[in-house]
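Some notes on the structure that comes next.
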Amino acid sequence: MSSNPVAVQTMTRAEYQTLVERGYAGPVTAIPDTPRLEGWRAQFPHWRARNWTYTKDERGVLRLAPVNLTRQRNTRAA
């Protein structure tokens, strides 16, 4: 079973598009409606339920994960 991420990953549309072109991300319509999608919707209420990406787990294995997109990277000063 995949690891349980704390939050939905957020990335820019440009970052997402690069991953799509490489086959590492896509729209949820590319995934048959499975229990995984329903689980993401329940586990991540702030997920917009539009996109997914692969992320590496603690062992370096690629796992499907939900992702939200933004127009630009948040660059607030610390």
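The values are calculated or read from the model by the stated rules, or taken from the named source; none is laboratory data. This structure is a prediction, so every number in the text was calculated from the model and none was measured. Cβ placement follows ideal geometry from the backbone for every residue including glycine, while neighbour counts extend to all protein chains displayed. In case anyone asks, the SASA skips ligands and DNA or RNA and just uses the protein heavy atoms, side chains included. Shrake-Rupley method; radii C 1.70, N 1.55, O 1.52, S 1.80 Å.
Within region 27-47, which residues are surrounded by 12 or more Cβ atoms within 10 Å (Cβ to Cβ), more than 10 Å from the chain's Cα centre (by Cα) and outside any helix (DSSP H, G or I)?
31, 44
What residue, among those in region 1-26 that are open to solvent by 60 Å² or more (accessible area, probe 1.4 Å) and within 13 Å of residue 64 (Cα to Cα), is modelled with the highest pLDDT?
Here the answer is 24.
Enumerate the pairs (first residue in region 27-40 and in contact (Cβ under 8 Å) with a residue 12 or more places away in the chain; second residue anywhere and of a type in the set (Gly, Ala, Ser) and open to solvent by less than 70 Å² (accessible area, probe 1.4 Å)) with beta-carbon separation below 7 Å, excluding pairs fewer than 6 apart on the same chain, so at least 6 apart or on different chains.
Listed pairs, sorted by first residue: 28/49.
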